[in-house]
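The block underneath contains the structure these notes are about, expressed in structure tokens.
No value in this document is a laboratory result; all are computed from the given coordinates. What you see is a predicted model; the values in this text were computed from it and never measured. No Cβ is skipped: glycine too gets one built from the backbone with ideal geometry, and neighbour counts run over all protein chains shown.
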Amino acid sequence: MNSEELNIVFKMTGEQFDDSKNLYYLLIGLKNFQGIFDKSYLTINHKKRMSDKDREIFQIRTLDFKNGSFVSEMGIYIATVTQLAIPYVSTLTPKDLFELVLSGFKYLKFVLTANSNGEKITIEAGDNNMLNVINGDNNTVIIIPNETIAFVKKAETNFEQMAKSIDHEKGVKSINFTDKKFPHSKAINITEHEKNLFQQKVKLEPETIKIKANFFRLDGNQYFGRLKIIRSNDYQLRENEEYNFDFINKPDADLLSNLFMQEKEVHALKETVLNTTTLEKTVKKLKIIDIA
């Protein structure tokens, strides 16, 4: 089969890969590596899922295994067989796929770092179908292709799953993959730092909010449940919306037993999660401080 090819060195480090390789952690890395490139392919071709024909066109093949931590050279292939008769085959290259992957990871790190530092990001249209991603606090800018946002929307979970698997105590230190020809300039490196950035998508906001709510679901053993907003002084919490809740400090058992199906005045903190593609924060949970 005639094809365009790009060789990428994929590496996982840590005690789990020093001698024999732990298959569980290895599969997390490899499955998400495949998923990231699949979603780059799908984004560029405006598709929702990989078909059998797409699997013929686009393939990742393991070329070589090296000693030490798990290191494998991967061949990224795009078929150029004219008999496939699909318009984009003649123009799409493995380089295109990896450039979008690099752009997506660059965007994610930029946004997550700003979020970690409490800084605001804005996105503006740039020249030549590019986007300017701006850190409003220090005016730093990255320029990315317009399709990067669509790719991140599809592939963020794969990057995040890789990051979640990093655990020094369990013997998983890092995951990285690089263009064999440009190992320094075209590289993705996922370490404890990137794991922490993803974890900070979820934050406990410092401002106390006041609501009136109906407690319609309650677990008396685990001290959590679900409530419906009746009235709120916070713009995010609207009437009749429902939220999960738990407590900053466990309440008195008698107070807890009297909450079910009752309307109460509540002081709470919002636990929010950042959407990296819309740059909006949504309320994941309410952490109750006290109940009147």
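Quick notes
- Charge dipole (Cα centre; +1 on Lys/Arg Cβ, -1 on Asp/Glu Cβ; no other charges) of the chain amounts to roughly 360 debye.
- You can think of it this way: the chain between LEU204 and GLU242 has 11.9 nm of extra reach, that is 0.36 nm per residue less the Cα-Cα gap.
- Computed [θ] at 222 nm, helices only, for the chain once each DSSP H run of length n ≥ 4 contributes -39500 (n - 2.57): -9000 deg cm²/dmol
- Distance from the C-alpha centroid of the range 101-125 to that of the range 183-211: 10 Å, rounded to the whole angstrom.
- With R₀ set to 41 Å, the beta-carbon distance separating LYS21 from GLU56 gives a calculated FRET efficiency near 0.90.
- Largest mean-square fluctuation among ILE144, ILE211, ILE175, in a Gaussian network model of the chain whose springs join Cα atoms under 10 Å apart, belongs to ILE211.
- Rg/Rh, computed from the Cα trace of the range 5-200 with Rh as the Kirkwood radius, has the value 0.98.
- Other residues whose C-beta falls under 13 angstrom from the C-beta of ASN196 contribute a net charge of +1, scoring Lys and Arg +1 and Asp and Glu -1.
- Given charges at beta-carbon only (K, R positive; D, E negative), |dipole| of the range 202-291 in Debye: 180 debye
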